[in-house]
Amino acid sequence: MTTTATPPAPTSNDAAVTPQKVGFVHLGCPKNLVDTENMLGLLEADGHQIVADEADADVVLVNTCSFIEKAQQESVDVLSNLAEQGKKLVIAGCLAQKFQGELLDLFPEADAVVGINDVPDIAKIMRRTQHGERVLATQQDPTYVLRDDTIRKHVTLGAWAYLKIAEGCDYKCSFCIIPSMRGTFRSRSPQNIIDNAKQLVERGVKEVILVGQDTTSYGKDMDSSLPKLLQRLNDEVDGLEWIRFMYAYPNLVSDELLETIDGCDKIVKYLDCPLQHTHPEMLKRMRRPVMDHVAFAQRVRDKVRNVKLRTAFITGFPGETEEHFQHLKRSIEEAKWDRLGIFEYSDVDTAHSQTLDGKVTKAVITQRRKELMAIQQPIAYAHNQAMVGTVVPVMIDEMNAYGQMTGRSQWDAPEVDNSVLVKTSETNAALPGEIVNVRITHAGPYDVKGELA
Ligand code: SF4
């Protein structure tokens, strides 16, 4: 775990801090991970010791997720488990933002519940709990954006790091409650992001992964845009080797954006754009843009040389008929996505889709996910098979339990895509954080193997 940026000077009215051992549990998405690292950085700067093992902790910061009910349940299970161990708790994240004071009632062990807007005040909140207060620090309609003096205590290993470029979302996809927890869309200032990227490079990061609920809306609330930001990161941040962005919104993938990806040497030739479904009736019920996905995939492949496309679909959305599902199957067969995630629909309270008719049974939802994965597997295998015999740059992430090096090509985001198993020898080794040329020798549907070229 390492830290970036300088801590604020303590103010005169700050009561003395009793340094505590602070453990942490991070749940949910990369955007929430940046908040976890931010809160740990602020607590360390205020004199607390961050410990990796909750067993050693005096208090545990749990940064929760509340995206779907399964995630809500996981957050509650983690909190209950820690409470049973007698741990003092500080509950942050989307579950805190959604349920607020109810969590103080549900968990007597909780010293504080911290909403999205109150992340920057985590140190002050911790001080108040040290003086016996149970703190409910939550506000409706958060407006918080990572500040210029953001401190991060990094908990991810390797030479890559997430870089949050915006908060919130202005869309109203009917299955999603994120806007109700994270608020409306707001961008970080471009200069703040550039400075943060430089800090990350100083820390040994070679790949930054830009995240936000919708990265393609970046800059719409200020005189900037995602293509402009990408161009600046490419031109101004020395030492950065790979620039990736996740979560593009389909109808915001402009020609300018594609030309920027194609034209900038540090931007990986990779586009992540969750589409959720392909049938127009389903997309309308999801409140998502209706478009021809096969044509979309071809347009991206025509504009960006050597690009690989990642998308995601939901099976079993309320009202999905066999005809809608057959349409989705055909589209996947035609578009031949390079990377594909398939998620099962599930109701989440307060989401509009929960009120819709035509609910699909769990058995059918799961069966449809399996059918789509069965269609995608030979497609994924063929894509990887085409890499055999070629030499590709690979970012080495770590050594696995068998002493082998694992890494990723530019076409693979951490935690969601393929990995590359790299054969090394005593005379020919590679270290985590290095980008090395690898000759691909074997391909599987979801991973490939190779040797140092
Ligand atoms: S784009 Fe849709 S799915 Fe994504 S965060 Fe916004 S509302 Fe949710």
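The values are calculated or read from the model by the stated rules, or taken from the named source; none is laboratory data. Please read all numbers here as calculations on a predicted model, not as lab measurements. Heads up, the Cβs are rebuilt from the backbone with ideal geometry, glycines too, and the neighbour counts pull from every protein chain shown. These area figures cover heavy atoms from the full protein model, side chains too; ligands, DNA and RNA do not enter into them. Shrake-Rupley method; radii C 1.70, N 1.55, O 1.52, S 1.80 Å.
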TODO: Please indicate, with yes or no, whether at least one residue in segment 288-303 is over 29 Å from THR315 (Cβ atoms) and either surrounded by 14 or more Cβ atoms within 10 Å (Cβ to Cβ) or among the hydrophobic types (A, V, I, L, M, F, W, C) (or both).
DONE: yes
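Restricting attention to segment 348-381, which residues are modelled with pLDDT under 95 and either over 30 Å from GLN97 (Cβ atoms) or open to solvent by less than 60 Å² (accessible area, probe 1.4 Å) (or both)? Let's see the steps before the verdict.
We begin by selecting, within segment 348-381, every residue modelled with pLDDT under 95; these are 348-350.
Passing the criteria: VAL348, ASP349.
I want to confirm something. Restricting to segment 155-176 and keeping residues that are assigned to a loop (DSSP other than H, G, I, E, B) and away from the ligand (no atom under 16 Å from the Cβ), which single residue is nearest to ASP53 (Cα to Cα)?
Going through the qualifying residues, I end up with VAL155.
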Open item on the list: Suppose the filter is open to solvent by 60 Å² or more (accessible area, probe 1.4 Å), assigned by TED's automatic domain parsing to the domain that holds LEU340, hydrophobic (A, V, I, L, M, F, W, C) and out of contact with any Asp or Glu (no Cβ under 8 Å at 6 or more places or on another chain); does MET222 pass it?
Closed with: yes
TODO: Answer yes if at least one residue in segment 414-436 is at pLDDT 95 or above and more than 30 Å from LEU163 (Cα to Cα), and no otherwise.
DONE: no
Open item on the list: With the requirement that a residue be of a type in the set (A, V, I, L, M) and open to solvent by 70 Å² or more (accessible area, probe 1.4 Å), what does segment 430-452 give you?
Closed with: LEU431
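Could we say that ASP111 is acidic (Asp, Glu) and either open to solvent by less than 60 Å² (accessible area, probe 1.4 Å) or not assigned by TED's automatic domain parsing to the domain that holds ALA71 (or both) here? Reasoning before the result, please.
Numbers: acidic (Asp, Glu): yes; either open to solvent by less than 60 Å² (accessible area, probe 1.4 Å) or not assigned by TED's automatic domain parsing to the domain that holds ALA71 (or both): yes.
When the stated conditions are applied, ASP111 passes them.
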TODO: Check SER180 against each of (1) touching a Leu at 6+ places or on another chain (Cβ under 8 Å); (2) open to solvent by 10 Å² or more (accessible area, probe 1.4 Å); (3) hydroxyl-bearing (Ser, Thr, Tyr); (4) within 15 Å of the ligand (Cβ to nearest atom) and name the one condition it does not meet.
DONE: (1)
Open item on the list: Could you tell me how many of the residues in segment 96-125 are in a strand (DSSP E or B) and β-branched (Val, Ile, Thr)?
Closed with: 2
- [ ] State which residue pairs qualify: first residue more than 19 Å from LEU43 (Cβ to Cβ) and inside segment 74-99, second residue part of a helix (DSSP H, G or I) and hydroxyl-bearing (Ser, Thr, Tyr) in any location, beta carbons under 8 Å apart, and separation of 6 or more residues or different chains.
- [x] LEU95/SER75; LYS98/SER180
Task: Residues (more than 15 Å from the ligand (Cβ to nearest atom) and assigned to a loop (DSSP other than H, G, I, E, B)) located in segment 142-154 - done: THR143, TYR144, VAL145, LEU146, ARG147, ASP148, ASP149, THR150, ILE151
Open item on the list: Residues that are touching a residue at least 60 places away in the same chain (Cβ under 8 Å), at least 1 per element: which strands (runs of 3 or more DSSP E) completely within segment 352-453 meet that?
Closed with: 391-399, 435-443, 447-452
Open item on the list: If I go through segment 238-270 residue by residue, how many of them are of a type in the set (A, V, I, L, M, F, W, C) and within 16 Å of the ligand (Cβ to nearest atom)?
Closed with: 5
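For the condition more than 30 Å from LYS362 (Cα to Cα) and open to solvent by less than 30 Å² (accessible area, probe 1.4 Å), what is the one hit in LEU95, LEU103, LEU42?
On the way: LEU95 fails: more than 30 Å from LYS362 (Cα to Cα); LEU103 fails: more than 30 Å from LYS362 (Cα to Cα).
Of LEU95, LEU103, LEU42, the one residue that is more than 30 Å from LYS362 (Cα to Cα) and open to solvent by less than 30 Å² (accessible area, probe 1.4 Å) is LEU42.
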Task: Failed item, numbered, when LEU283 is tested on (1) in contact with a His (Cβ under 7 Å, 6 or more places away or on another chain); (2) touching a residue at least 40 places away in the same chain (Cβ under 8 Å) - done: (2)
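Condition check ((1) among the polar types (S, T, N, Q); (2) out of contact with any Phe, Trp or Tyr (no Cβ under 7 Å at 6 or more places or on another chain)) across all residues:
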position	(1), (2)
LEU283	no, yes
ARG287	no, yes
GLN298	yes, yes
ASP302	no, yes
THR315	yes, no
GLU322	no, yes
HIS327	no, yes
TODO: Could you list, in sequence order, all residues of segment 26-59 that are assigned to a strand (DSSP E or B) and under 30 Å from ALA351 (Cα atoms)?
DONE: HIS26
Open item on the list: Name the residue that is farthest from SER346 (Cα to Cα), counting only residues in segment 183-198 that are within 16 Å of the ligand (Cβ to nearest atom) and open to solvent by less than 30 Å² (accessible area, probe 1.4 Å).
Closed with: SER187
Task: Close pairs from segment 196-217: first within 30 Å of CYS176 (Cβ to Cβ) and free of Cβ contacts under 8 Å to residues at least 60 places away in the same chain, partner among the charged types (D, E, K, R) and more than 16 Å from the ligand (Cβ to nearest atom), Cβ under 8 Å, at least 6 apart - done: VAL208/ARG244; LEU210/ARG244
